[in-house]
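Shown next, in structure tokens, is the structure this report addresses.
Since every read-out is calculated from the coordinates, none of them should be taken as a lab result. Just so it is clear, the structure is predicted and the values come from calculations on it, not from any experiment. A quick note on method: Cβ atoms are made from the backbone with ideal geometry, for glycine too, and the neighbour counts reach across all protein chains shown.
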Amino acid sequence: MSNALRIDAPAGLPVVDMTREFDAPPSAVYRAHRDPELVTRWLGPDGYEMTVEVYDVRTGGRYRYSHHDPEGNVYRFNGVFHTAREGELIIQTFEYEAVPDVVAVETLRFEALEGGRTRLHTHSVHADVATRDAMISSGMERGVREGYARLDRVLAG
């Protein structure tokens, strides 16, 4: 893969930083994060279907969606978009509904690169290191890698 995903989870800190480049301008990468029709085509692990209940990317908006795995298990997520600046920034909360009352705050920055490319920086802050580690061990890396590979295809086509 030409655009490798970099994940950093510093020891002793309840944060995860991810960086990934895309062969598309920030406006297109942002749109793929904003438009629920596009989001359902790439977000999550391979083989999972996504159902969106609400996906309103705007300052003060919210989301709720479900992933359905091939075995029939359902994973529900929700959050609030605290800040949404077109083509630049999304700050949102993230909650896996099977573990209520545990909310991460995520900042997504869309950085313009030469040649019409984008570098996406994601910074997630968790309640504590144990919660962060549980998120990582849940298969987060697989879901992000596979989802971003599908996002590359969405952006290409």
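So the values come out like this:
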| quantity | calculated |
| --- | --- |
| Net length gained if the chain between Ala130 and Glu53 were fully extended (0.36 nm per residue, minus Cα distance) | 24.8 nm |
| Pairwise centroid distance, computed over Cα atoms, of segment 106-156 with segment 38-70, Å | 15 |
| Cα→Cβ-extended label distance, 7 Å offset, between Arg76 and Arg119, nm | 3.9 |
| Taking the chain and dividing mean pair separation by its residue count, relative contact order in percent (alpha carbons under 8 Å, at least six apart) | 28 |
| Student exercise, the chain dipole from Lys, Arg, Asp, Glu Cβ charges, in Debye to nearest 20 | 340 |
| Residues with amide H under 5 Å from that of His82, placed H, sequence gap 5 or more | Gly60, Ile91, Gln92, Thr93 |
| Length released on extending from Glu97 to Ile7, taking residue separation times 0.36 nm less the Cα-Cα span | 30.0 nm |
| Spread of Cα-to-Cα distances over 10 Å intervals beginning at zero, given as percent, for segment 6-156 | 11, 41, 40, 8, 0 |
